[in-house]
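J.: Take a look at this one; I'll ask things after.
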Amino acid sequence: MTDTDRRTFVTGAALAAGAVAAPAAAVQGGAKAATTPAAAAYPKPPFPVQRQPWPGLASKMTPRPDHGETSYKGSGKLAGKKALITGGDSGIGRAAAIAYAREGADVAINYLPAEEPDAREVIALIRAEGRRAVAIPGDLRDEGFCRKLVEQAATHLGGLDILVNNAARQQTRPGIADISAQDFDDTMKTNVYAPFWLTKAAVARMGAGAVIVNTSSEQAGDPSPDIVDYALTRAAVLNFTKSMAKQLAPRGIRVNAVAPGPFWTPLQVSGGATPDKQRSFGQSSPMGRPGQPAEIAALYVAAADPSLSYSTGQIFGSTGGNGQPA
Ligand code: NAD
Ligand code: MG
């Protein structure tokens, strides 16, 4: 890479991240060396404490996350595939949606109606690649909607090869007494029932070569004390990935999961992290900073890549060094 290339790359990443700290400031933050020029530009704690109503918008975050808008380059790994991504409007799901489109896939995204502004940006990015983009807003806590979502995605895309179960609810509660039955129910419905309902509907339509990609978390194996209900859903999804991989292998359908560590997304600024945790977000990772969604997109591609045809029941991790959930 020449110096000019390097400057262009760093500027691109910084632009994508909006108001991110300048590379010099990011490097100043600690002795930890960056792994790439793009990583050098990524912000480190302390972060400005901010609070948005759930589910939050990426477009209102400071600094804005980098979802790979200007940096992800595809090479046809998912050419002609049809993918449905839940929570595809922002964060990790948006990064996967951008990557999938640049790898040649047509993409349907699901999100909550309040997230329409974020979703519009993603739809425009998918269309800019010349791929089909389908926006299907709706609430995954409803079984009937989950069935309709799969049906509509398959109809508008002309089939369904990849389902990415990525949407989730995370709300901090200091003690178990603070977790209401409604909280527990909302978390389970969004994070466990919906992937179950969606998987059930999707496999009824899928043939050999199809893939399901679930989002788990490092929380599956090392849960934080103040997101008890959420953490147990990430463990459930990990287990579900392994059982379904075994069940569907004879049909030629693979099931993998991606397990992120701390990533800078709306989930963390709309009730998913306390103000203290927000301020120091990612600090305890060996890299000393959170991941940006752009840094995990390639794992969603890998999890679905037909050339990794022997990989099923696998957990692909991206934690900044803090180990693996399973
Ligand atoms: P995010 O807020 O960008 O994405 C979560 C999405 O879930 C939202 O965009 C929303 O569209 C969707 N959602 C929530 N409730 C819904 C409902 N009832 N109906 C429909 N959609 C609903 O945050 P993210 O961090 O990118 O989260 C994506 C995935 O990553 C989640 O599964 C989360 O558990 C996982 N994860 C995140 C982190 C992190 O630090 N950000 C770490 C580990 C795992
Ligand atoms: Mg969102």
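J.: Has region 161-181 got at least one residue that is within 23 Å of Ala236 (Cβ to Cβ), acidic (Asp, Glu), in the same structural domain as Val237 (by TED's automatic domain parsing) and more than 16 Å from ligand 2 (Cβ to nearest atom)?
T.: Of the residues in region 161-181, the ones within 23 Å of Ala236 (Cβ to Cβ) are 162-181.
Filter once more, so that each one left must be acidic (Asp, Glu): 178.
Next, only the ones that are in the same structural domain as Val237 (by TED's automatic domain parsing) stay: 178.
Narrowing the set further to residues that are more than 16 Å from ligand 2 (Cβ to nearest atom) leaves 178.
For region 161-181, residues within 23 Å of Ala236 (Cβ to Cβ), acidic (Asp, Glu), in the same structural domain as Val237 (by TED's automatic domain parsing) and more than 16 Å from ligand 2 (Cβ to nearest atom): present.
J.: Identify, from the list Ser243, Ser217, Ser285, Ser280, the residue that is assigned by TED's automatic domain parsing to the domain that holds Ala168, away from ligand 2 (no atom under 16 Å from the Cβ) and free of Cβ contacts under 8 Å to residues at least 12 places away in the same chain.
T.: Details: Ser217 fails: free of Cβ contacts under 8 Å to residues at least 12 places away in the same chain; Ser285 fails: free of Cβ contacts under 8 Å to residues at least 12 places away in the same chain; Ser280 fails: free of Cβ contacts under 8 Å to residues at least 12 places away in the same chain.
Going through Ser243, Ser217, Ser285, Ser280 in turn, the sole match is Ser243.
J.: Take Leu198 and decide whether it is of a type outside the set (Gly, Ala, Ser) and part of a strand (DSSP E or B). Show your work before the answer.
T.: Working: of a type outside the set (Gly, Ala, Ser): yes; part of a strand (DSSP E or B): no.
No.
J.: Of the residues Gly288, Gly261, Gly272, Gly252, which single one is surrounded by fewer than 23 Cβ atoms within 10 Å (Cβ to Cβ), touching a helix residue (DSSP H, G or I) at 6+ places or on another chain (Cβ under 9 Å) and among the small types (Gly, Ala, Ser)?
T.: Numbers: Gly288 fails: touching a helix residue (DSSP H, G or I) at 6+ places or on another chain (Cβ under 9 Å); Gly261 fails: surrounded by fewer than 23 Cβ atoms within 10 Å (Cβ to Cβ); Gly252 fails: touching a helix residue (DSSP H, G or I) at 6+ places or on another chain (Cβ under 9 Å).
Only one candidate qualifies: Gly272.
J.: Restricting the search to region 216-269, which residues are closer than 11 Å to Thr312 by Cα and under 18 Å from the mean Cα position of the chain (by Cα)?
T.: Thr241, Val255, Asn256, Ala257, listed by residue number.
J.: Another question, if that's okay. Any idea which of Pro117, Pro55, Pro48 is more than 23 Å from Ala303 (Cα to Cα), in contact with a Ser or Thr (Cβ under 9 Å, 6 or more places away or on another chain) and outside any loop (DSSP other than H, G, I, E, B)?
T.: Pro117
J.: With Gly76, Gly68, Gly93 as the choices, which residue is within 15 Å of ligand 1 (Cβ to nearest atom) and either assigned to a loop (DSSP other than H, G, I, E, B) or charged (D, E, K, R) (or both)?
T.: Criteria check complete, one pass: Gly68.
J.: Taking region 156-183 as the search range and keeping residues that are in contact with a strand residue (DSSP E or B) (Cβ under 9 Å, 6 or more places away or on another chain) and part of a helix (DSSP H, G or I), which one is farthest from Gly104 (Cα to Cα)?
T.: For region 156-183, the residue satisfying everything is His156.
J.: Name the residue that is farthest from ligand 1 (Cβ to nearest atom), counting only residues in region 38-48 that are farther than 24 Å from Ala167 by Cβ and surrounded by 14 or more Cβ atoms within 10 Å (Cβ to Cβ).
T.: The qualifying residue farthest from ligand 1 (Cβ to nearest atom) is Ala40.
The values are calculated or read from the model by the stated rules, or taken from the named source; none is laboratory data. The structure displayed is predicted, hence computed values, not measured ones. FYI the Cβ positions are ideal-geometry reconstructions off the backbone, even for glycines, and counts take in every protein chain you see.
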